[in-house]
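The structure appears right after this line, and notes come after that.
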C-alpha cells in the first residue's frame with residue numbers, strides 16, 4: 001500500500017545522524033556535510049517498487065550534482081529481519097549495481113528515520129547550506145508503470161538552492177512504500 005511523505009516543516013534544521021555506509025563500511029554523519037554545501041538526504045530501500053522505478057535517476061542525480069555544491073546521502077531504515085533484501089549486504093549490492101556515487105547508510109535502530117519523520121521510500125529532504133530544510137517531497141510525477149523518472153521536481157529544487165534562489169513552496173509529497181518499522 002502506497003503512503004505519502006509526512007512533509008516535515010520547511011526551515012527544520014537537519015537532524016543529526018551517524019550511520020555505517022553499507023559499501024565502504026565507514027561511518028557517515030551529518031557533520032561530514034557541514035561545509036556550507038546543500039545536502040540531499042534520501043530514504044530508500046532495495047525492495048520497494050517505487051524505489052526500483054527511480055533507482056537509475058537517483059544514480060544520475062548523484063553523478064550530475066557530485067562536486068557541484070551538493071552533498072548526497074541515502075539511508076535505508078527498513079527492518080531487515082523481516083525484509084532481508086533491505087539488509088546491509090543486499091543494499092551494498094544494489095548501490096554497486098546502480099552505480100551510486102554517494103553513501104548508502106543503514107539505519108538499524110531506525111532513529112534517523114524517526115528524526116527526519118520519514119514515512120515512505122523514497123522520501124527526499126533537501127537542506128540549504130545552513131542545513132535548513134528547503135524541500136521535502138516527490139522526485140517527480142512518475143510512478144511505477146506511469147512515466148519515466150526524470151527527477152524534475154527535486155532537480156528544480158536543487159538547482160534553485162545551488163543558484164541561491166528560493167525553492168518553490170509548491171511541493172508535492174513523495175509517494176512510496178511505507179517504512180518497515182520494527183515491531
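Where a number appears in this text, it was derived from the coordinates with a stated rule and is not lab data. Bear in mind that the values here come from a model prediction, so they are computed numbers and not experimental data. Note that each Cβ is placed from the backbone with ideal geometry, even for glycine, and that neighbours are counted across all protein chains shown.
Report, to two decimal places, the Cα Rg of region 46-95 normalised by 2.2 N^0.38 Å (N = number of residues).
1.27
Please work out the C-alpha center-to-center distance from region 78-105 to region 120-183 and express it in whole Å.
Going from one Cα centre to the other spans 20 Å.
With n ≥ 4 as the cut-off for DSSP H runs, can you work out [θ] at 222 nm for the chain, using -39500 (n - 2.57) per run divided by the number of residues, rounded to the nearest 500? Could you put the intermediate results ahead of the total?
On the way: 4 runs with 45 residues, N = 183.
Per the formula, -7500 deg cm²/dmol.
Report the extension gain between residue 115 and residue 24 in nm, rounded to one decimal, defined as 0.36 nm multiplied by the number of residues separating them, less their alpha carbon distance.
Once the chain is fully extended between residue 115 and residue 24, it gains 30.4 nm.
How far apart, in nm, are two points set 7 Å out from the Cα along the Cα-to-Cβ line at residue 96 and at residue 141?
Going by the 7 Å Cα→Cβ label model, 3.9 nm.
Please state, as a whole number in µm²/s, the translational diffusion coefficient that the Stokes-Einstein equation yields for region 98-174 at 4 °C and 1.567 mPa s, with Rh defined as the Kirkwood radius across alpha carbon pairs.
It comes out at roughly 93 µm²/s.
With both partners inside the chain, how many of the DSSP beta bridges are antiparallel, as a percent to the nearest 5?
70
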